[in-house]
Every structure is written in structure tokens, then in C-alpha cells.
1. Mean separation of Cα pairs under 8 Å and 6+ residues apart, divided by the residue count of region 226-358: what relative contact order is that in percent?
2. Among (1) 83, 55, 46; (2) 72, 46, 41; (3) 89, 59, 48, only one was calculated for this model; which label is it, if the read-out is Cα extents along the principal axes in Å?
3. Which of the DSSP-defined H helices in the chain satisfy a minimum axial length of 27 Å, computed from C-alpha atoms, and a minimum mean Kyte-Doolittle hydropathy of 0.0?
4. Using the heavy atoms of the protein chains and a 1.4 angstrom probe, tell me the accessible area per residue for the chain in square angstrom.
5. Summing Lys, Arg as +1 and Asp, Glu as -1, what charge do residues with Cβ under 15 Å from the Cβ of F240 carry, F240 excluded?
6. When the chain is modelled as a GNM with alpha-carbon springs shorter than 10 Å, which of N51, N346, N265 fluctuates the most?
7. When the dipole is taken about the Cα centre of region 346-410, and only Lys, Arg (+1) and Asp, Glu (-1) are charged at their Cβ, what size is it in debye, to the nearest 20?
8. For the chain, modelled as a Gaussian network with Cα springs under 10 Å, which listed residue fluctuates most, L383, L312, L397?
Amino acid sequence: MKKFRVLCLLGLSLCFTACNKEPKSTDSDEEVYVSKLPNYGNVKLKKVFTNQDSKLENRAAIVSDIQAYYDKVWEKGNLSGGILVAKGNDILFEAYRGFGREGQTMPITKDVALHVASVSKPITAMAVMKLVEAGKVQLNQSLATIFPKFPYPEVTVEMLLKQRSGLPKYENFLHNTELAKQTFVTNQQILDYIIQHKPGLARNPDTGFMYCNTNYALLALVVEKVTQTPFPEAMQEMVFKPLKMKNTYIFQEKDILTASQSFLNMGKKLHPLDYLDLVYGDKNVYTTPRDLYNFSKALYSKDFLKPELMKLVFEPYSNEKPGVNNYGIGFRMKLFNNGTKLTYHNGWWHGSNSVFGHLLDSKVTIVAIGNAYSPRVYTALALLGLFENFPPEKEILTKVMRNQKLSISE
């Protein structure tokens, strides 16, 4: 009888322990990410794509073309950084070269985070959209309801996301001010300056597209205010950890001695930091091609956002003038005459530049990140012409392979 009681107590103890463990996903390969903040932990990265999504009939020929491009542009051009091309779950091509820090230290590998500059904007935008989905903020919400005394009550969260606020560029209105004499300026100081000095609008709100870093610097503050969490920590909880972006972080002052650096003159000259280098939201995501590939995978998932919100992300909103180039929510796009749509974002800051291509139809992702400035990094976007019918991109790729001059920028 005594032995029976011991066994019962042991059984109850085991049951109590098991019942009090954190809940796991029913998917045995992926655990649920638990956070106090709205996050993308519901996305199961291993189940986003079907086998058909990863199929590519002319795979060998396309991989050969990408290899030829890499040999010519990256190897012979002595670029520094990394590039990844994937279709569905299939990584078609991946390569790394160069160094992350001075003295040819920190060899760049798949695990070395580099600054992707304005490719940070799509990631910031998706953090905001998750807060919208959670009912923590509304797209049509005036910034003045979030930041008391904000002097432009007609400016909304949605206008910031779509680059249609008309706000002036902080890199312009802070120039020649006392703030420019500081070692570093913060996002909060940018907001405080706007409230105190009311710099003139560049154009009336929602009257047209104007690419402006101020929009995304303020969106980072929206994330902070709504979550009551510093932006670098909020992004870890909402985006990076849930999507297994294990080498990704928001650059802060504490990272200066360990983070990868950016260079000029093909890596021969270090680009020094300046007073704007700690402003985040518009830039300062340090990540890898592998981690951005995870972010891209998640964007394809039906569980990423509610359908009615996801539908808004890749719609064109800058329709004042007919043309190829347009902007959605955190994404650039090219709308070609044949009805195809190329969705992407480029980045540039100091010696770093980047490309993030995310094709909606063919499920193709292209990531290219360089840390020794060269406009030739942007030519990686032309590789998307190998997968869908984008005649201008095919033409660019042909010119690149023939060594013809191009005019390409961020």
C-alpha cells in the first residue's frame, strides 16, 4: 500500500510539472514564441511553402547564370558582403566574401550581420502593421494622438508608412543646428525638435509621395510608445526572435566596438560614424542574407497578417504621376507595362548598400548586402528578371554582363 501511494504521488508530481511547462506548438519542428508583445511567432517558417513553390524547371541554367553574374560582378569587382537567391525553400545560390571590420578582420560569413540601411524600412513597417492587427494603433490615427503637441495633426501613421506625410527630412533640418554638434542624435531628439521648432512641411500631407527618413524614424517611436519598450528590444520580441532571425539586431552605441563596419574606396577606407548613426527605424537593422530570407519567407505566409491588412502592403499608393516606380507600405515596387509587379527595397548609408527583392508570384527572394560601397551591389535586383517577365531588369542584367555603364542608386 505504501508503495502504491509513492507511485501515485510520483505520477501527480510528473503531471503537475508537465502541465506547468510553457505550451508548445503542435508542429513538432517549431516551438511557439512567447512574448508580452504582439509578434510573428504564429508563422511556421517550415510550412510556408509547398513543394511546387520550390520547383524550378530550368534550375541548372538559372544557377549557372547567377554564378556567372557573381563571378563577374562580385569576385572580379572585389565586392565585400553577401548574396543569397532562393525560390521557395530552395536556396539556389549563396556566397560571401570580404571582411566586416578594419585590418581585414571579421571574415564575412553567413552569420556576420551587416548594415542593410533602408532595407530596415520594410521590417519597421511590418512591426507597425502587427500593432495595427493587434488593435494597439490604427492606420488612420493622427500622430498628435500618440505624441502630444506634435504640430501636424493631419499626419497619420498610414501616411508615414506610405511615405506620404510631407514631413521634412531630418538629415536636412538638423543640419547646422546644435544637435548636429552632438556625438549622436536620438529619435526622441528628432521628435522634440519637430515639436519645438515646427520645421516647414516639404509638401501638404497626403498630396504625393516623398521618400523621407523622418517618416520611419517616427514610426520607430510609435512602436516604442505603444509597446512601452525600447525599439531595439521591441523588434527582438516582435520580429527577430519569432522569425528566428538569430543574427539580427538594431545597432546601438554599445555595438560600436563589435559590429561590422562600412568602408569606401572598395574597402580601403573606413567610413567614420557621424551624429545620425544611432537613429533607427529608417535604418540600423544589422542582419544577414539568411535572416532576411526568413523574414521574406514569413511575408509569404497566410498567417503573417490578417488578409485584409496583408493586402494593403503591396498595393501602389503613389499614383500622382503615371510611371514604373511606386511605393506600398514599406516596400518599393516597379509596375511594368506587361502587368507584372516587382516588389523590393534598396538601402544605402555611408559605405553600406543593400538589395531585398521579394517576388509575390514566383516566391523568389534575393538579398544582397555590401559593406564596401559600390553601386554594383544594386545590380543584384536585375537577377529577378531570370524568374519573371521583367524586360527592363533583363536588359540591365545583359548590360552588366557586357560591362556597359549603368545609372543605379538606392
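1. 17 percent
2. Structure-derived value, by its label: (3).
3. Flagged H segments: there are none.
4. Per residue, the chain has 46 Å² of solvent-accessible surface.
5. With Lys, Arg at +1 and Asp, Glu at -1, the net is +1.
6. Ranking N51, N346, N265 by mean-square fluctuation puts N51 first.
7. The calculated dipole for region 346-410 is roughly 260 debye.
8. L312
The values are calculated or read from the model by the stated rules, or taken from the named source; none is laboratory data. Computed from a prediction, not measured in an experiment: that's the story for all the values here. Neighbour counts run over all protein chains shown; Cβ positions are idealised from the backbone, glycine included. Heads up: the accessible areas ignore ligands, DNA and RNA and are worked out on the full protein's heavy atoms, side chains in. Shrake-Rupley method; radii C 1.70, N 1.55, O 1.52, S 1.80 Å.
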